[in-house]
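The numbers here are math on the coordinates, done by the rules we state, and not lab data. All values reported here derive from a predicted model rather than from experimental measurement. Cβ atoms come from the backbone with ideal geometry, glycine included; neighbour counts cover every protein chain shown.
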Amino acid sequence: MNNTEQASPAITITRSDYERLDTLIAGLSHARQEELGGLQEELARATLVADDALPAGVVRMNSLVTFRNEDTGDTVVRRLVYPGPDTALPDAVSIFHPAGSALIGLAVGQLIDWALPDGRHARLRVLAVE
């Protein structure tokens, strides 16, 4: 079963992003892998494409993403980064963070209802991707 209670939007991920993320997750402890279950589900259901075949407006690693929390109305701009030093940058969100896991592969206009670790849900809509 996927992370949401309703049908999840279609997502597209580049093969290189998929392979790097799969390798990172495989190197984690079993407990940490379980924490990232939602990300693993997203990777498993994604349509994979060559790096140069990703459509414009789709969130990939290192994208600058503008998204809105539909429940709070807050609009946020974040760069989707791999875990590591870049996560300390003020505009960064790690792919291992719930918002990062939710955003990967979404296209402008898509909405995802994402389960948070505390049991709440966040409804995030992608507004722009650079």
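Below, the figures for the structure above:
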read-out: Amide H partners (placed H, <5 Å) of residue 63, local residues excluded; value: 80
read-out: HN-Hα J in Hz across the stretch 56-70 - Karplus 6.51, -1.76, 1.60, θ = phi - 60°, x for Gly and Pro; value: 4, x, 10, 6, 10, 4, 6, 6, 8, 10, 9, 9, 10, 7, 5
read-out: Environment charge of residue 126, counting only residues whose C-beta is closer than 13 Å and scoring Lys/Arg +1, Asp/Glu -1; value: +3
read-out: Residues with amide H under 5 Å from that of residue 92, placed H, sequence gap 5 or more; value: 79
read-out: Estimated dipole of the chain in Debye, rounded to 20 [Cβ of Lys and Arg +1, of Asp and Glu -1, Cα centre]; value: 120 debye
read-out: HN-Hα J in Hz across the stretch 116-130 - Karplus 6.51, -1.76, 1.60, θ = phi - 60°, x for Gly and Pro; value: 8, x, 8, x, 6, 10, 10, 9, 10, 10, 7, 9, 7, 9, 10
read-out: Karplus 3J(HN,Hα) series, Hz, for the stretch 106-113 with 6.51 cos²θ - 1.76 cosθ + 1.60 (x for Gly, Pro); value: 6, 9, 3, x, 6, 10, 10, 9
read-out: Residue 49 long-range amide H proximity, modeled H, under 5 Å; value: 13, 14, 15
read-out: Cα centroid of the stretch 48-79 to Cα centroid of the stretch 21-46, whole Å; value: 19 Å
read-out: Label of the coordinate-derived value, mean projected area of the Cα convex hull in nm², listed as (1) 8.4; (2) 7.7; (3) 9.3; value: (2)
